[in-house]
Amino acid sequence: MLWTSSVLFRQNIEQHKHNVHEMVVCLTGCVNIQINDEQYSLSSGHSIFIPAQYAHSIHIIKQAETILLFACIDPPSFDTLSTPTNRLFLNTLSTGKFLINNEFQSTDNSTKKMLAVAEELVNSPNSSSPLHASLKEALYLRLLFTHMSGAGYEESTSELATLRMNKAQNWIHDNYALDITLEIVANQVNISRSHFARQFRQHTGFSVIEYLLKVRCDAAANLLASSSTDITEVAFATGFSNLSHFYRHFKRRYGITPRAFRQMIKHQGNTLTAKSA
């Protein structure tokens, strides 16, 4: 459930934590907010997102009137707001990244946008009707995205994309023997299939399936070179569903069949042994 309230802040709130995600927007005045031993200063138009179970405290740092907007939502309700388009953004917030949008990142324009959206949320009807609830959720999402924009999310998109693609590659290397699809890998990094497919090709130069086949062939080559395991067993152990499929892709990558590859490696080993002797 989403709950919002603007509060004239008169008294410090000592360290505590709770089971809801808490968005705080400073409408007027100035406060210090401490999260897990890190302290942040907020003035008018600045915001902070505090994930559930993050210990935090709020202290007034000036005597001027301070009004804060609190927007709180429990994690299950927060998750229902997720779509293929916004899933990455919401997951980024809920895992503690881009907590703060303050004077070090934001501009006058971004603080004005934040205040405008916050004002709409403050003035939205306090009603339980489905229509009003949907309108409030839409405003809440606008508040979150305005916060992330002011916190420098777009400047960090390239870095985040690299981290996501590295995570996807590592997952493929750890799970290549499974029955893997584009959708399964995309779900590991919480983005849509189409968005993931484009980013993965840009990052690696391969489609997901091409990369998976490369990893499987390399794993098979390693088994062929280091063991006497039957070739059919090697194929199944590295994720290939049938032998003809395995032979075709292995030859495409290495230029020779799996059997010929094993014989070549064995011959090279014998040659090296003979020379050493």
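The values are calculated or read from the model by the stated rules, or taken from the named source; none is laboratory data. Values in this document were obtained by computation on a predicted structure and should not be read as measured data. Positions of Cβ are backbone-derived with ideal geometry, glycine not excepted, and every protein chain shown enters the neighbour counts. Just so you know, the surface numbers come from the protein's heavy atoms only, side chains and all, with ligands and any DNA or RNA stripped out. Shrake-Rupley method; radii C 1.70, N 1.55, O 1.52, S 1.80 Å.
Output the residue which, of all residues in region 105-129 that are surrounded by fewer than 13 Cβ atoms within 10 Å (Cβ to Cβ) and among the polar types (S, T, N, Q), is modelled with the highest pLDDT. The selected residue is 123.
Please work out if residue 170 is open to solvent by 60 Å² or more (accessible area, probe 1.4 Å) and closer than 27 Å to residue 93 by Cβ. Walk me through it before giving the result.
On the way: open to solvent by 60 Å² or more (accessible area, probe 1.4 Å): yes; closer than 27 Å to residue 93 by Cβ: yes.
Here the answer is yes, as residue 170 does meet what is asked.
Do we find a residue being open to solvent by 80 Å² or more (accessible area, probe 1.4 Å), part of a helix (DSSP H, G or I) and under 26 Å from residue 89 (Cβ atoms) anywhere in region 178-186? Steps first, please.
So in region 178-186, the residues open to solvent by 80 Å² or more (accessible area, probe 1.4 Å) come out as 178-179, 183.
So of that shortlist, the ones also part of a helix (DSSP H, G or I) come out as 183.
Next cut, under 26 Å from residue 89 (Cβ atoms) only: 183.
The answer is yes, given that some residue of region 178-186 is open to solvent by 80 Å² or more (accessible area, probe 1.4 Å), part of a helix (DSSP H, G or I) and under 26 Å from residue 89 (Cβ atoms).
Entry remark, region 215-228: residues being in a helix (DSSP H, G or I) and surrounded by fewer than 17 Cβ atoms within 10 Å (Cβ to Cβ) number 4 in total. Being under 22 Å from residue 136 (Cα atoms), surrounded by 13 or more Cβ atoms within 10 Å (Cβ to Cβ), hydrophobic (A, V, I, L, M, F, W, C) and in contact with a His (Cβ under 6 Å, 6 or more places away or on another chain) is the requirement here; does residue 35 meet it? Here the answer is no, as residue 35 does not meet what is asked.
Taking residue 265, is it open to solvent by 30 Å² or more (accessible area, probe 1.4 Å), within 30 Å of residue 84 (Cα to Cα), in contact (Cβ under 8 Å) with a residue 12 or more places away in the chain and part of a helix (DSSP H, G or I)? No. Of all positions in region 65-82, at least one carries a residue that is at pLDDT below 90, touching a helix residue (DSSP H, G or I) at 6+ places or on another chain (Cβ under 7 Å), under 25 Å from residue 134 (Cβ atoms) and open to solvent by 10 Å² or more (accessible area, probe 1.4 Å). Filter region 125-145 for residues that are touching a helix residue (DSSP H, G or I) at 6+ places or on another chain (Cβ under 8 Å) and in contact (Cβ under 8 Å) with a residue 40 or more places away in the chain and give the result. 136, 140, 143, 144, 145, listed by residue number. Name the single residue that is modelled with the highest pLDDT among those in region 19-48 being among the charged types (D, E, K, R) and in a strand (DSSP E or B). Applying the filter and picking the extreme gives 22.
Would you confirm whether or not region 239-251 contains a residue that is hydroxyl-bearing (Ser, Thr, Tyr), outside any helix (DSSP H, G or I), under 27 Å from residue 183 (Cβ atoms) and at pLDDT 95 or above?
No, region 239-251 contains no residue that is hydroxyl-bearing (Ser, Thr, Tyr), outside any helix (DSSP H, G or I), under 27 Å from residue 183 (Cβ atoms) and at pLDDT 95 or above.
It is to be established whether one or more residues within region 5-19 are touching a Gly at 6+ places or on another chain (Cβ under 8 Å) and under 21 Å from residue 116 (Cα atoms). Give the steps one after another, and end with the answer.
Going through region 5-19, the residues touching a Gly at 6+ places or on another chain (Cβ under 8 Å) turn out to be 9.
Filter again for under 21 Å from residue 116 (Cα atoms), leaving 9.
The answer is yes; a qualifying residue exists.
Pairing each residue of region 1-15 that is under 14 Å from residue 67 (Cβ atoms) and open to solvent by less than 100 Å² (accessible area, probe 1.4 Å) with any residue that is part of a loop (DSSP other than H, G, I, E, B) and not acidic (Asp, Glu), provided the two are 6+ apart or on different chains, yields C-beta distances under 6 Å for 9/66.
Among the residues of region 130-176, those identified as of a type in the set (A, V, I, L, M, F, W, C), closer than 30 Å to residue 238 by Cβ and at pLDDT 90 or above are 165, 168, 171, 172.
The listed residues are 197, 260, 220, 235, and the only one of them that is free of Cβ contacts under 8 Å to residues at least 40 places away in the same chain and closer than 30 Å to residue 83 by Cα turns out to be 197.
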